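Working notes, structure below.
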Amino acid sequence: MFVTVATLVLARDSAAQSVAIGAQAIPVITRADPTAGARTLTEGYISQPMIMGHAMWNDFRAVYKGLTEQWLGVSADGIVQNATGLTAPQLVR
């Protein structure tokens, strides 16, 4: 069983700065019934705890717009924030 325990995303309105922080773990519960001595044993623990982080201080929206319009052939207006005001570089020949 795979469970994401917590994910927190902090983003500013400016596309030039974004920070993402996340954490996840896999809870494991084991039960043995019956065992030696006719007892029931149950144990639980957290497996593979992980903390992730990502920060970006550059504006790559023009590159995203160029790839969306040149490679996929669709308008980037609904995909990239404020795409109409960006000049896309030539990325795909």
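Just checking, does region 76-84 include any residue being at pLDDT 85 or above and either in the same structural domain as Ser18 (by TED's automatic domain parsing) or surrounded by 11 or more Cβ atoms within 10 Å (Cβ to Cβ) (or both)? Quick ask: steps written out before the conclusion?
First pass over region 76-84, keeping only residues at pLDDT 85 or above: 76-77.
Of the ones still in play, those that are also either in the same structural domain as Ser18 (by TED's automatic domain parsing) or surrounded by 11 or more Cβ atoms within 10 Å (Cβ to Cβ) (or both) are 76-77.
Yes - at least one qualifying residue is present in region 76-84.
Whether any residue in region 40-48 is within 20 Å of the chain's Cα centre (by Cα) and assigned by TED's automatic domain parsing to the domain that holds Val19 is what I want to check. First the steps, then the outcome.
Our first condition is that a residue be within 20 Å of the chain's Cα centre (by Cα); within region 40-48, this holds for 47-48.
From the residues that got through so far, the ones that are assigned by TED's automatic domain parsing to the domain that holds Val19 too are 47-48.
Checking region 40-48: at least one residue is within 20 Å of the chain's Cα centre (by Cα) and assigned by TED's automatic domain parsing to the domain that holds Val19.
Note down all Cβ pairs under 8 Å where the first residue falls in region 20-34 and is acidic (Asp, Glu), the second is assigned to a strand (DSSP E or B), and they're at least six residues apart or on different chains.
From residues that are acidic (Asp, Glu), the pairs are Asp33/Leu41.
For region 31-75: of the residues being part of a strand (DSSP E or B) and modelled with pLDDT under 85, which is farthest from Ser18 (Cα to Cα)?
Initial filter on region 31-75 (part of a strand (DSSP E or B)): 31-32, 41-56.
Filter again for modelled with pLDDT under 85, leaving 54-56.
Values: His54: 8, Ala55: 6, Met56: 5 Å.
Filtering region 31-75 for residues that are part of a strand (DSSP E or B) and modelled with pLDDT under 85, the one farthest from Ser18 (Cα to Cα) comes out as His54.
The values are calculated or read from the model by the stated rules, or taken from the named source; none is laboratory data. Remember, it's a predicted structure, so these values are computed and weren't measured experimentally. With ideal geometry, Cβ positions are generated from the backbone for all residues, glycine too; neighbour counts draw on all protein chains shown.
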